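Only the coordinates and a few stated rules stand behind these numbers; no lab work does. This structure is a prediction, so every number in the text was calculated from the model and none was measured. Reconstructed Cβ throughout: ideal geometry from the backbone, glycine too, with neighbour counts over all protein chains shown.
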Protein chains: 2
Amino acid sequence: MPERLAGTPREQILDAAARLFSSKGYAATSTREIAEAVGIRQASLYYHFAGKGEILSELLCQTVRPTVDSVAQIESLTDDPGVALYLVASTDVRTLATAPYNIGLLHLAPDVAQVEGCDGFTAARDELAVTYARLAEPITSPDVLGSVGPARLGEKLVHTVEEVIGCRNAGRRIGVDEAVWIASSCLRLCGVDSARVELVVKTAATLLDRADAGAGPAGRQ
Amino acid sequence: MPERLAGTPREQILDAAARLFSSKGYAATSTREIAEAVGIRQASLYYHFAGKGEILSELLCQTVRPTVDSVAQIESLTDDPGVALYLVASTDVRTLATAPYNIGLLHLAPDVAQVEGCDGFTAARDELAVTYARLAEPITSPDVLGSVGPARLGEKLVHTVEEVIGCRNAGRRIGVDEAVWIASSCLRLCGVDSARVELVVKTAATLLDRADAGAGPAGRQ
DNA sequence: GTCTATATCAGGATAGAC
DNA sequence: GTCTATCCTGATATAGAC
């Protein structure tokens, strides 16, 4: 245990804010509480952040950045859009499931949606929806595409992955089986049948194993 | 247009609160704003409600009551659990989609989850999850049941229907096609294939037509 | 049933010492 | 970089007149 119980003051603030925001809500959390949790005075927060909104903004970005960044790498692994979709969804699930606190909850809340200066987050999230749409379209059955169209389907798949948020909010942690099920829900919703879903899941698993092996032991982290 | 632009003061307050809560968030909405929207003074709210929390509680209950109440009637229409599941989901979708404001958003927000005295709502919502689970289990494919189990599947179907909330939150209204798709998503997630989904949707539609005809013109509302 | 008036308290943010 | 001190605003809820 060579590390301190926390990192830089900035990281400590973000961690405390994440815990409080996700448990009490953004508007209902005071900057005093955040400061107290870190062990500094309320006014000292303003040295590290311009205000409450900037703390929130940074936290929101952390929920999407890893997934957005992973897309290029995933697409270099496979040409099968179904497998790619599943892998992106899996990354998304993992990011949301393993974050120290359930901050994914926040962006749905109206008080959060009203905060200005979160453009980076909304842009990244929109980009993610477009990616989901692009990958989903070629594997989606005609009746589904006819009902919702590609763009809305993308949004809906993003929402589907955010099922993780609901699970965590219910107090449960997400196991491997559940993570697989949520990611594969994206395929099911496109109209892919159970047999093919299982095939994609297996293909994706072997692909990841190969990639991990190629990246060396560090890939396991 | 024989009605006044609003009903009783109590209803006016609930309507204004619903609009403000769903757009700004619960904690971020002041009782002053609610009163102002109704055209009375802030203190006058306390004649109609014990406090801010009681207004919220009533609004939350309105989002689940119609669906919970419809279950018995739906189960008297059919013995096919798949059709019943689809009909319950459709009722749920309709309730969430046609409410004057998107109050379904609220229960997800942490500031709302913290409010005491919403037991009626949480109990009704839990009951709904159990119903979804009971109807879904017999039609769910083994691989899906093996991954998540019936109870969690019930929760997940509730969340699936709540996709409506996300749609409305994105500023879109829910069309018929989209409503059908969301309700049938419950079947797809259980592992039901596209052909059978379409069959269930058609069966449900004819069942409803018959029920409406039996109930007389009032059934159309 | 609605009002005025007010008690009580907590919020975010800034100024300036150290 | 953190502190103290404070400003200013706005919150919920109550008391009591009409």
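Descriptive notes on the structure:
- Other copies of B:Ser23: label-to-label distances in nm, shortest first, labels 7 Å along the beta-carbon direction: 3.3
- Sorted from shortest to longest, the distances between the B:Gly39 label points of this copy and the other copies are 5.8 nm, with each point 7 Å from Cα along the line through the beta carbon.
- Per-residue mean of C-beta atoms belonging to partner chains within 10 Å, peptide A:104-116: 5
- Added length on full extension, which subtracts the Cα-Cα distance from 0.36 nm per residue, B:Gln114 to B:Leu145: 7.9 nm
- A point 7 Å from Cα along Cα→Cβ stands in for B:Asp177, and the other copies hold the same point at 3.8 nm, listed in rising order.
- Qualifying GluC sites (Glu not before Pro) in segment B:1-51, DSSP loop, other Cβ atoms within 10 Å at most 10: B:Glu3
- In the protein assembly as shown, taking the dipole from charged Cβ atoms about the Cα centre, the farthest positive-side position among B:Ala50, B:Leu128, A:Gly166 is held by B:Ala50.
- Principal axes of segment A:57-219: Cα extent on each, largest first, Å: 45, 42, 30
- Exposed trypsin sites (Lys or Arg not before Pro) absent - longest run of chain B, DSSP non-H/G/I/E/B, at most 16 other C-beta within 10 Å: B:42-171
- Only helices enter this figure: runs of n ≥ 4 DSSP H residues, each worth -39500 (n - 2.57), summed and divided by the residues of chain B, yield -23000 deg cm²/dmol at 222 nm to the nearest 500.
- Structure note, pairs B:Lys156/B:Lys202; B:Lys52/B:Lys156; A:Lys156/A:Lys202: Cα-Cα distances above 26 angstrom occur for B:Lys52/B:Lys156.
- Expressed as a fraction of 2.2 N^0.38 Å, the C-alpha radius of gyration for the protein assembly as shown is 1.03.
- Legend: mean number of C-beta atoms from other chains within 10 angstrom of residue C-beta atoms, peptide B:170-178, equals 2.
- The stretch between B:Glu11 and B:Leu77 holds 20.4 nm of extra length on full extension. This uses 0.36 nm per residue minus the Cα-Cα distance.
- Loop GluC sites (Glu not before Pro), segment A:61-155, which have at most 11 other Cβ atoms in a 10 Å radius of their Cβ (DSSP): A:Glu116
- Couplings 3J(HN,Hα) for segment A:88-105, derived from phi with the Karplus relation 6.51 cos²θ - 1.76 cosθ + 1.60 (θ = phi - 60°), are 4, 4, 5, 4, 4, 4, 4, 4, 5, 7, 9, 4, x, 10, 7, 5, x, 4 Hz, where x marks Gly and Pro.
- For the segment B:25-32, counting C-beta atoms of other chains within 10 Å of every residue's C-beta and taking the mean gives 5.
- Seen from B:Ser30, the other residues with C-beta closer than 11 Å to its C-beta sum to a net charge of +1, counting Lys and Arg as +1 and Asp and Glu as -1.
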